[in-house]
Amino acid sequence: MEPLTEAEIRASFVNCSKGEAKGLTLPARTEEIPWPDLDFLAWRDPRAVQRAYLVTRHDSGVVGLSLRATQPPKSRLRSNMCGLCMTTHGLVDVALFSARRAGQSGKDGNTLGLYVCANLRCCDYIRGKLKPETPQPRETVTLDERIARLELKLHRFVDQVLGARV
């Protein structure tokens, strides 16, 4: 991912008010973010654990999404798969993130949800920098193909939040 400035990140949010975007907590100073290792920038708000943010380059430029996470179940006995990176985790390590739709639809209360790695570190799981606790199915696709799959799934989700027909 190409580096972004703090101003670009804050201006990118399409499903929250400018005041909310101005007040959100960034994950780090932008010069400290490992941009070459990211396909998208995502983080949980340390001041409000149910809040999360995702920023990606999209057809229409840079798009930021404000997300809400559900409480994970307590059981580690079952597993679930991330809808972006396809990593299998125990139930507590995958969360349902919901995004208000952009525009009037979101103001009317319409949301979309996606099950994603609870720590939002999909880029690290794909590249093997993080190893999940759950055994993974063997994949025969290359790293580039896994990254392309992640980007396709992410762009479809962003398109749906923006109200595009998918």
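I'd like the residue in the stretch 2-57 that is of a type in the set (Val, Ile, Thr) and part of a helix (DSSP H, G or I) and, out of all such residues, is surrounded by the fewest Cβ atoms within 10 Å (Cβ to Cβ). Top of the filtered list is Thr30. Of the residues that make up the stretch 80-97, is at least one in contact (Cβ under 8 Å) with a residue 60 or more places away in the chain, open to solvent by 30 Å² or more (accessible area, probe 1.4 Å) and under 14 Å from the mean Cα position of the chain (by Cα)? Yes; the residues of the stretch 80-97 include at least one that is in contact (Cβ under 8 Å) with a residue 60 or more places away in the chain, open to solvent by 30 Å² or more (accessible area, probe 1.4 Å) and under 14 Å from the mean Cα position of the chain (by Cα). Collect the residues in the stretch 117-166 that are touching a Gly at 6+ places or on another chain (Cβ under 7 Å) and free of Cβ contacts under 8 Å to residues at least 60 places away in the same chain, keeping them in residue-number order. Hits for the stretch 117-166 are Glu133, Thr134. All of Ala11, Ala102 fail the test of being more than 26 Å from Pro132 (Cβ to Cβ) and in contact (Cβ under 8 Å) with a residue 60 or more places away in the chain, apart from Ala102. Within the stretch 98-113, restricting attention to residues that are surrounded by fewer than 19 Cβ atoms within 10 Å (Cβ to Cβ) and closer than 14 Å to Arg68 by Cα, the residue that is farthest from the chain's Cα centre (by Cα) is Gly109.
The test for being surrounded by 12 or more Cβ atoms within 10 Å (Cβ to Cβ), modelled with pLDDT under 95 and farther than 16 Å from Leu150 by Cβ does not hold for Leu67. Going by the structure shown, is Lys74 open to solvent by 20 Å² or more (accessible area, probe 1.4 Å), in a loop (DSSP other than H, G, I, E, B) and modelled with pLDDT under 95? Yes. Does the stretch 89-142 hold any residues that are more than 18 Å from Leu154 (Cα to Cα), in a loop (DSSP other than H, G, I, E, B) and among the basic types (Lys, Arg), and which are they? Of everything in the stretch 89-142, those that are more than 18 Å from Leu154 (Cα to Cα), in a loop (DSSP other than H, G, I, E, B) and among the basic types (Lys, Arg) turn out to be Lys129, Lys131, Arg138.
The values are calculated or read from the model by the stated rules, or taken from the named source; none is laboratory data. On a predicted model such as this, the values are computed, not experimentally measured, just so you know. Positions of Cβ are backbone-derived with ideal geometry, glycine not excepted, and every protein chain shown enters the neighbour counts. To get the accessible areas, we keep the full protein, side chains included, count just its heavy atoms, and leave off ligands, DNA and RNA. Shrake-Rupley method; radii C 1.70, N 1.55, O 1.52, S 1.80 Å.
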